[in-house]
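Step one of this worksheet: look at the structure below.
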Amino acid sequence: MSVNAWLKSQRPLAGHALKGAIVLSLTHALLAVAQAWFLALILDAVIFGGAGLAEVGGWLGWLLALLALRAFITWLSERTAFTAAARVRAGLRDQVYRHLQRLGPAYLSGTRSGTLVETLTKGIDDLEGYYARFLPAMTLTMVLPLALLMVVLPLDWLSALAMLITAPMIPIFMILIGSGAEARNQRQWKQLARMSAHFLDVIQGLTTLKLFGASRREVEVIGRISDDYRASTMQVLRIAFLSSSVLEFFATVGIAIVAVFIGFRLYGVALPVPHWLSVPDIGFLQGLFVLMLAPEFYAPLRNMGTQYHARMAAVAAAEQLIEVLDTPPTITPGTARPTLPTPLGVRFAQVGFAYEPEREALHAIDLDIPPGARVALVGTSGAGKTTVVNLLLGFLQPSSGHILIGDTDLTTIDPAHWHAHLAWVPQQPRLFQGTIADNIRLGDPGADLEAVRRAARLARAADFIEALPRGYDHPVGERGTGLSGGQIQRIALARAFLRDAPLVILDEATANLDPESERLVQQGIDDLAHDRTLLVIAHRLATVRRADRILVLDQGRIVEQGDHHQLIAAAGLYARMTAAYGDAPALAGVTTEE
Amino acid sequence: MRELLRLWRLFRPYRAWMLLGTLAAVLTLLANVTLMAAAGWFIAAMASAGAAGVAMNYFAPAALIRGSAIIRTAGRYGERLVNHEATFRLIASLRVWFYRHLEPLAPARLQQYHSGDILSRIRADIDALDNLYVRVLVPVVVALLSVTLFGVFLALHDPALALLGLVFLLLAGVALPWWAEARGRAPGQRLAEHEGALRTAVIDGVQGMAELTVYGATERQARRIEGLSEQLIADQARINSDQGLTQAAIGLCANLNLWLLLWLAIPLVRAEQLPPPDLAMLALFTLASFEAVAPLPHAFQLLGRSLAAARRLFAIVDTVPAIREPDGPSPRIERFDITFAGVGFSYPDAERPTLQGIDLQVPEGRRAAVVGATGSGKSTLFNLLLRFWSTDCGSIRVGGHDIRDIDSETLRRHIAVVSQHTHLFDATIRENLLVARPGATPLELEQACRVAQIHDFIASLPEGYDTWVGETGVRLSGGQGRRIAVARALLKDAPILLLDEPTEGLDAATERSLMAALDRLMQGRTVLLITHRPAGLDWVDQILVLDQGRERARGDASVIPEATAAALLELAPTRHDD
């Protein structure tokens, strides 16, 4: 579907408001004809009929009524047009964001979120002009000039002819000039989105820039980007302005021709037309009326020219929206909502996965996470641990093989239903705009403060939270403003505790913690593991020793599994990794424990 | 209104542009009014002359009509070009101005802001200021000049007509804008805030999608975005409805003016005090003259939004940075020993000091470690040394100079940092490395990456150093990101090296290879390491143990057991319980 067709196909989102707006602006324009008629009547009577106020009083009354009615309609049509566009905007923003949710984290990790943010905010707002002004203007352009011709033709066919000939020049020239503008406009919008993405990146990385003394250098970059943006916007605008000037010029010429034809005939000068053409006579009343209608005839065309760049902005924004909406989800979500056993068991049967063809991240692995067990997944970085987690979370689906929950294939289960059984603490947890309590409640918004406190206590986060001036109501930003990495980790852990899910996935949950906090959190995790299935992804092997089962992943294959003692006895990769980590770590030499 | 004065100062460099733009706008407007009035007169005069059978000179008025038509078309084109060019120049310079003031605030003073909020300021709020120039400043000047001229013109015909015209022009050009401004103030303010909130919610929703999904919170986030979107639209709707109202009111003013003009002028024509063709001219003139004031109500309605935007910008610009740069020239740093003497520090709003009476001396080329639990104040020491914050008492000296006397950027030029959280920019690996040394050759990059043990990995990627790393570095694992950070530190080649938990969250093999890389990196540099893990402690010359912001012990590695018997020995359960 072309961008234009797509934009038009979104019209139903506006409901009746769009039709209402069009009808109202049409009525408004037709009332202008009536107004011109009364004005012409009055002027004619006064100038040529020697009439006074008494004679024209009735017409003046009509004129007054028309003025009031037109003012009211102006207001009403503005409102209706806005409502139409607002409905489309709200509808689309929701639709696009929900589609992003369907595409899921796997898609988002491959895109620039700054660009998406721009598309979802400014991009959607740019559609306003298209639905509120361009579409009504376009319909008006198709209807109103014809209607006016119908009015003028019986009064003076010569003026009608002049209008008929000059009018098509306007769209023709517009298209000639506008065709080059489209591509430029597209480029310009992309540049705008890039500029925004760059700003977001700079804002989020300002401290890093500062560390490298690059933050002041960035002044020039921002200056250059803004200036490039100015230059490219002006390129687009120059064309837009030129086209509307050409349009204006033709409209003026058209009006001038009509005026000259009328004026010359009124004065009685012969018109420069072939003599076989018998020129119709015209009176002052008709002449003035037609002359006042001439600007109204060109007005919709001129207006279209002005709204043309509302359309261009919308087309550019729509292209980004279509790009998102046309991306098919890489996963096909299941729909089944089976009752899953508590605690949960998970089995990977010959699961293979490739991010790109030929580059397999997992090679037909088999692994078993028995219900209620504590399973650890270890391996060097790049071994495929994150892929296993993403598969288990349902962000990715296996290229081959099956993930079985009991005996249900994970791909058939409704993702929301599946997620309701999970708690997950990622490697770098994110805190969301809101208070600490809101963040702990992420998975259970209805939880009362007591439950939040309990979860925080289990995650060993209660002490530092309660020491904050506003406690659980302490507002946090995206990077946990003022909180240390370990504290953020513990808030995320509290989130998992509150979630109370049968399967808990901890990705490096105790990283960033000092030994004391780690010990405390570990105790919390032990509490959590009670009656639940626990999958721990670990880099540091010390934390996995007590696991019921350790799975060793290497280059996309499970190379060993068993408990700590079995694996040490097997003297394989795990044993080597353990030795490498130093069963006698540096500090152990100074602690007298060893 | 104080904001307006401050903004004017920012606009001042563009005075010449504004003057030119305003002149073009006035010319265009006058040409348009002339065109309409002359056309009305022309038709009526021609008809009168035709009816009376008298001759008239129609060349002069025809020329006037032609001339004003041309001036109108060309003038409008020129006016738009000049004013838009000026606006975009102004906006570009405002962005730079804003960033210049934003930069010194990071990271200390920006902690309380979400990046979405800052983004909204640098994008939407600055854009909202263009309204002030194109829609307020220029039209107000144009309206002032032209309304004066119109008054004079009308007065030449009849004082009563002039009075009538002025009353309605003032009604449309002063009373309506005044009303619109008052009505637009509150929603304008809310718009600025809601736009920021919407951006924030969208950023959270996009960047935090994974966690929202697992915790079943996506629906809530979608509704949050929807709700903000609706609030935004509700305020826009109110502004829009008012705008429709003012637009209708302008039309009504023009038409009522015309109506009353007819009421007053018709008897004049009858009394032969006004030539009949002049009536047609005055009628069309009246309608056209309102073009001078038509843009004003909407502009003043948006004034609230613009001033709210200005206030949001000034709020950042006026924030006093956490540190004060020295006035005089910075001393040359020739030695790189570090001395903390009696350093004390509290974060704003904190209940207790984060650091108290810290003394530490690291001779040039030697290594020291600061050990302590989370929240013991280790990272704060780094923040102070890097001049992100300023000490409350005591002093920090580098090479014998108090760091308060050194320009902070100059100071940081001598310091390289490897921290847990390195921002990887939304760019290629190469560009991310070049941040550390913009002029580095590909060979230098490669050498640094070899030492950082990351070259082989990069080389194995299909696009090598030109591989794009996502804004959050999602395509690199934690260990890989950390090694990029080491490579950056190597490239920076600074005499002082700060290591913040450099091996946190890494597996054993990676940790070992990274430690080897760090060993190379540390050679010949003054090193300060903060950690809560034992790894690397055998490489340092001295250790300072911190507990709740105070010194607990110092000495070589042997002080740790007694100092931290409570904490570090508890390390045992996870390590020694089997």
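Annotations
- Condition check for A:Arg430: facing chain B (nearest Cβ under 8 Å) and not hydroxyl-bearing (Ser, Thr, Tyr): yes
- In region B:176-198, the condition of being closer than 30 Å to B:Leu279 by Cα and outside any helix (DSSP H, G or I) is met by no residue.
- When A:Met234, A:Met195 are checked against the criterion of being surrounded by fewer than 22 Cβ atoms within 10 Å (Cβ to Cβ), on the phi < 0 side of the Ramachandran plot and within 22 Å of the chain's Cα centre (by Cα), a single residue qualifies: A:Met195.
- Here A:Gly305, A:Gly254 are screened, and the one residue that is part of a helix (DSSP H, G or I) and at pLDDT below 80 is A:Gly305.
- A:Gln487 being facing chain B (nearest Cβ under 8 Å) and outside any loop (DSSP other than H, G, I, E, B): yes
- Flag if B:Leu228 is free of Cβ contacts under 8 Å to residues at least 40 places away in the same chain, over 28 Å from A:Ala197 (Cα atoms) and out of contact with any Ser or Thr (no Cβ under 7 Å at 6 or more places or on another chain): no
- Subset tally (residues that are β-branched (Val, Ile, Thr) and more than 9 Å from every other protein chain (Cβ to nearest Cβ)) for region A:211-268: 5
- When residues of region B:256-268 are limited to those that are free of Cβ contacts under 8 Å to residues at least 60 places away in the same chain and out of contact with any Ser or Thr (no Cβ under 9 Å at 6 or more places or on another chain), the one nearest to B:Leu303 (Cα to Cα): B:Trp259
- One residue alone among B:Ile203, B:Ile250 is assigned by TED's automatic domain parsing to the domain that holds B:Leu30, farther than 30 Å from A:Ile47 by Cα and crowded, with 24+ Cβ neighbours inside 10 Å, and that residue is B:Ile203.
- When residues in region A:165-224 are screened for being within 26 Å of B:Thr410 (Cα to Cα), in a helix (DSSP H, G or I) and among the charged types (D, E, K, R), 6 of them pass.
- Matching residues in region A:84-109 - criterion: being farther than 19 Å from A:Ala318 by Cβ and at the interface with another protein chain (Cβ under 7 Å from one of its Cβ atoms): A:Gln101, A:Gly104, A:Pro105, A:Leu108, A:Ser109
- Tally of residues being over 15 Å from B:Leu355 (Cα atoms), in a loop (DSSP other than H, G, I, E, B) and more than 30 Å from the chain's Cα centre (by Cα) across region B:386-410: 2
- Scanning region A:524-549 for residues that are polar (S, T, N, Q) and facing another protein chain (nearest Cβ under 9 Å) turns up just one, A:Thr543.
So that you can scan it fast, the table gives a plain yes or no per residue for (1) without any contact (Cβ under 8 Å) to a residue 40 or more places away in the chain; (2) farther than 30 Å from B:Val202 by Cα; (3) among the acidic types (Asp, Glu); (4) within 9 Å of chain A (Cβ to nearest Cβ):
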{"position": "B:Trp97", "(1), (2), (3), (4)": "no, no, no, no"}
{"position": "B:Gln112", "(1), (2), (3), (4)": "yes, no, no, yes"}
{"position": "B:Ile118", "(1), (2), (3), (4)": "no, no, no, yes"}
{"position": "B:Ala124", "(1), (2), (3), (4)": "no, no, no, yes"}
{"position": "B:Pro139", "(1), (2), (3), (4)": "no, yes, no, no"}
{"position": "B:Ala155", "(1), (2), (3), (4)": "yes, yes, no, no"}
{"position": "B:Leu161", "(1), (2), (3), (4)": "no, yes, no, no"}
{"position": "B:Leu164", "(1), (2), (3), (4)": "no, yes, no, no"}
{"position": "B:Ala172", "(1), (2), (3), (4)": "no, yes, no, no"}
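- The condition of being modelled with pLDDT under 90 and touching a helix residue (DSSP H, G or I) at 6+ places or on another chain (Cβ under 9 Å) holds for only one of A:Leu192, A:Leu92, that being A:Leu192.
- Evaluated against (1) modelled with pLDDT of 90 or more; (2) more than 10 Å from chain B (Cβ to nearest Cβ); (3) within 17 Å of B:Gly208 (Cα to Cα), A:His402 falls short on exactly one condition, (3).
- Filter result for the condition that a residue is within 20 Å of A:Arg311 (Cα to Cα) and assigned by TED's automatic domain parsing to the domain that holds A:Met304, over A:Ala29, A:Ala84, A:Ala40: A:Ala84
- In region B:523-568, residue modelled with the highest pLDDT [restricted to those that are surrounded by fewer than 19 Cβ atoms within 10 Å (Cβ to Cβ) and either among the aliphatic types (A, V, I, L, M) or not assigned by TED's automatic domain parsing to the domain that holds B:Gln356 (or both)]: B:Ala553
- Candidate set from region A:342-381 (those that are outside any strand (DSSP E or B) and free of Cβ contacts under 8 Å to residues at least 12 places away in the same chain); member that is farthest from the other protein chains (Cβ to nearest Cβ): A:Pro357
- Residues (touching a Pro at 6+ places or on another chain (Cβ under 7 Å), touching a residue at least 24 places away in the same chain (Cβ under 8 Å) and surrounded by fewer than 24 Cβ atoms within 10 Å (Cβ to Cβ)) located in region B:269-298: B:Pro295
- Condition check for B:Ile203: within 30 Å of A:Thr386 (Cβ to Cβ) and either under 31 Å from the mean Cα position of the chain (by Cα) or basic (Lys, Arg) (or both): yes
- Listed by first and then second residue, the pairs with beta-carbon distance under 6 Å, at least 6 apart or on different chains, first residue in region B:60-79 and more than 9 Å from chain A (Cβ to nearest Cβ) and closer than 13 Å to B:Ala39 by Cβ, second modelled with pLDDT of 90 or more and surrounded by fewer than 21 Cβ atoms within 10 Å (Cβ to Cβ), are B:Ser68/B:Ala31; B:Ser68/B:Thr34.
- Qualifying residue in region B:468-482 (condition: of a type in the set (D, E, K, R), modelled with pLDDT under 85, over 29 Å from the mean Cα position of the chain (by Cα) and not in a loop (DSSP other than H, G, I, E, B)): yes
- Within region B:232-244, residues that are touching a residue at least 40 places away in the same chain (Cβ under 8 Å) sit with their Cβ atoms under 6 Å from residues that are crowded, with 22+ Cβ neighbours inside 10 Å and small (Gly, Ala, Ser), at 6+ positions apart or across chains, in these pairs: B:Ile239/B:Gly184.
The values are calculated or read from the model by the stated rules, or taken from the named source; none is laboratory data. Fair warning: this is a prediction, and the values are worked out from it, not measured in the lab. We place every Cβ from the backbone using ideal geometry, glycine too, and count neighbours over all the protein chains shown.
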